[in-house]
Every structure is written in C-alpha cells, then in structure tokens.
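Following: one structure in structure tokens, then a few remarks.
The values are calculated or read from the model by the stated rules, or taken from the named source; none is laboratory data. Everything quoted here is computed from the prediction, not taken from an experiment. We place every Cβ from the backbone using ideal geometry, glycine too, and count neighbours over all the protein chains shown. Only protein heavy atoms, including side chains, enter the accessible area calculation; ligands, DNA and RNA are left aside. Shrake-Rupley method; radii C 1.70, N 1.55, O 1.52, S 1.80 Å.
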Amino acid sequence: LEGLERALERFHMLNRPPMSAPPPIDEGDLRRALERGEFVPWFQPKVTTRSGLFQSAEVLARWQHPEHGMIAPVYFIGLLEQAGLIGRMTEQIMTQAIREARQLYARGLRFGLAVNISAENLPEAGFAERIKQLLAQESFPPAQMTLEITESGVMADLARSLGALARLRMAGVGISIDDYGTGNATLQQLMRTPCSELKIDRSFVNGASRRPQLRTLLESTVDMAHRLKLSVVAEGVEDAEDWKLVQELGVELVQGFFVARPMPAESIHEWVRNRHE
Ligand code: C2E
Ligand code: CA
Ligand code: CA
Ligand code: CA
C-alpha cells in the first residue's frame, strides 16, 4: 500500500495541475500585475548532447495570479505586446531570473540563461543599451546571457533589428534564432544576422527519429548551421529515440520534456542532484 501511495505521489508530481485559462484580461490587469511583480521566471534546462551536462536554462514567463493561479504565457504575452508593455515584463523577468540564478551559483551550480525577447522591441532606440545596462547593474556576465528571438520576428524587420543585435552580440551576449524553420529566413538573411545559435523548432525535432523526411530536414539544417559556425539547440525532444538522433547529427544542446519540464528556480538544485545520482 505504501508503494502505491508513493507511486501516486510521483504520478501527481509528474502531472502537475494544468495551468489555468484565465478570464478576459484588460490592460489595467496587466499594468497591475507588472506593478505587483506577478510575472515570475520559470526555468527549463538545456543540456549538452555529449555528456548530458546542464549548460543553461531558458527563462519562461509565468503569471502567478493571486486568484486564478498559474497562467501560461500563451494567454498574456500577445496582450502585453499589444499594450506596449512586453519590454517592461522582459526586464522584470530578466532581473528576477539573474537574481535566482545567482543564488544557485552560490550553491555551486554553473549555467547560463536564455531570455525570450519580443522582436518588436529590437528596433526601439536604446533597447540594446538598456539590456547592457541591466546586465551591468546586476553584475551578470554578458557571455552567460543569450537572447532568444523568433526567426519570423527577426525577419519581419531585419533591417531595423540588425543594429541592436550587432551591439548586443559585440558586448558578448548570445543571440539565438528561436523556432528556426518556421520563419522562412533565406540563407542570405541568416548570414547577415549577427547570431550565435540556431534553435530548431520542435516541429522538426519531435518524432524525427520515426520520420525520414523530418530527419533529412534536420540533418541539412544542422549541417548548414555548423557551416555558418553557429551552435545548434534542438527543442521539443520528448523521448530517447529523438535524443539519440539529435546526438548522432551533432546537435550541441537539447531542451525538451525528455530532459526536464520548466520548473521554478527552487526545483533546479534537486533536479541536478537526481540527475547525477
Ligand atoms: P518557446 O520560446 O518556443 O518556448 C518553449 C515552449 O515549449 C515552452 O512553453 C516549453 O514549456 C515548451 N516545451 C519545452 N519542451 C517541450 C517538449 O518537449 N514538448 C512540448 N510539447 N513542449 C515543450 P511555454 O512556457 O508555455 O511558452 C510558450 C511560448 O511563450 C514560448 O515558446 C515563447 O514564445 C513565449 N514566452 C514565454 N516566456 C516568454 C517571455 O518572457 N517573453 C516572451 N517574449 N515570450 C515568452
Ligand atoms: Ca524560446
Ligand atoms: Ca522555441
Ligand atoms: Ca516554439
């Protein structure tokens, strides 16, 4: 009976209650949430395919709503963008993530951070400077920070985004092209973009071990990225077969449910410990 109880407990841990669909949200709700600091960072590990080492964590926003519980980003990111408030949320989340990472560093963990940036912030005057200033204020090494920007977002206004990307890249910040493969960037555009990493969208990764066409697409994308001297992250790795495939193809980093689900900072230490047991 005790074993059953433990199994049930484990089942509930692995199947945390789904994040709620919130009631209609207006701009006032978003402003209040920003003032009260209700947007919080969760972290999803990226590990190296070579040795499975914890290399960095993607910061994923959650809205810790006092009445409606944990709200997933699909319900609020677009609204924050429409309201012109996404930049403020990004800076809050980045600052909190750095502070939480620092506490883990103090406990002996070493890893970088990857923060999602809304592409529409890139052409804004002073954007790159604000990020650089935030990193300096928090004494966070720029080389430990990667900004993830979706392929479709960057390409929507590449000409006016290049300046900010170049300034950040020159300061040592990593630039990752997120959801790569869904945004139709030409090779020429990609070559002009000062990025350091391609993050291949999960629609090309998930199930690739069972589908030869996906495998071929993945293989040629990895090859092209390496020729451009970019490192490659595969997202959405959910099982051992896909893990094995991306490893064989020379993908450097893996992120996905097979490795870990997104979690609050306080769970990371335990995750690392269990992993190395
Ligand atoms: P994304 O940047 O592509 O982030 C990865 C999403 O895929 C996350 O969903 C993550 O939980 C999910 N995921 C990770 N591994 C797997 C897997 O193996 N299988 C499947 N099916 N899914 C996986 P999440 O946290 O709900 O975030 C959704 C999107 O919201 C993100 O997609 C990103 O576009 C956006 N987002 C989240 N936080 C921020 C933020 O701070 N700023 C901005 N601008 N966008 C954010
Ligand atoms: Ca991302
Ligand atoms: Ca992505
Ligand atoms: Ca995605």
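Accessible-area rank, largest first, for 180, 75: 75, 180, with all protein chains present and a 1.4 angstrom probe.
Here the 3J(HN,Hα) profile of the range 86-92, calculated from phi with Karplus coefficients 6.51, -1.76 and 1.60 at θ = phi - 60°, is 5, x, 5, 5, 4, 5, 5 Hz, Gly and Pro shown as x. Loop-resident GluC sites (Glu not before Pro) (DSSP state other than H, G, I, E or B) in the range 209-244 with no more than 15 further Cβ atoms inside 10 Å of their Cβ: 238.
When the convex hull of its Cα atoms is viewed from all sides, the range 40-169 shows a mean projected area of 9.3 nm². Both radii come from the Cα set of the chain: Rg as radius of gyration, Rh as Kirkwood radius; their ratio Rg/Rh reads 0.96. Helical content of the chain, expressed as a calculated mean residue ellipticity at 222 nm, amounts to -13500 deg cm²/dmol (DSSP H runs of 4 or more residues, -39,500 (n - 2.57) each, divided by residue number, nearest 500).
Normalising by the residue count of the chain, find the relative contact order in percent from Cα pairs under 8 Å and 6+ residues apart. Don't skip to the answer; put the middle values down first.
Values: 429 pairs, mean separation 47.9, N = 277.
Normalised by residue count, the contact order of the chain is 17 percent.
Between the listed residues 20, 66, 51, the Cα displaced farthest toward the positive end of the dipole of the range 9-115, a dipole computed from Cβ unit charges relative to the Cα centre, is found at 51.
Loop-located trypsin sites (Lys or Arg not before Pro) across the range 146-236 with a Cβ neighbour count of 15 or fewer within 10 Å are 210, 229, with loop assigned by DSSP.
Compactness check for the range 177-277: Cα Rg over 2.2 N^0.38 Å is 1.15. Evaluating 6.51 cos²θ - 1.76 cosθ + 1.60 at θ = phi - 60° for every residue in the range 208-223, the Karplus couplings come out as 4, 5, 9, 10, x, 5, 4, 4, 5, 4, 4, 4, 6, 5, 4, 4 Hz, glycine and proline recorded as x. Heavy-atom surface analysis with a 1.4 Å probe gives the chain a carbon and sulfur content of 51 percent of its accessible area. 3J(HN,Hα) couplings calculated from phi for the range 59-69 with the Karplus curve 6.51 cos²θ - 1.76 cosθ + 1.60 (θ = phi - 60°) are, in sequence order, 8, 10, 6, 10, 9, 8, 7, x, 9, 9, x Hz; Gly and Pro show x.
For the range 39-74, trypsin sites (Lys or Arg not before Pro) are listed when DSSP marks them as loop and at most 13 other Cβ atoms sit within 10 Å of their Cβ; the list is 50. Note on residue 184/residue 216: beta-carbon distance plugged into 1/(1 + (r/R0)^6) with R0 of 22 Å gives a FRET efficiency of 0.75.
A cut-off of 5 Å between modelled amide H atoms, ignoring neighbours fewer than 5 places along the same chain, links residue 114 with 57, 58, 59, 146.
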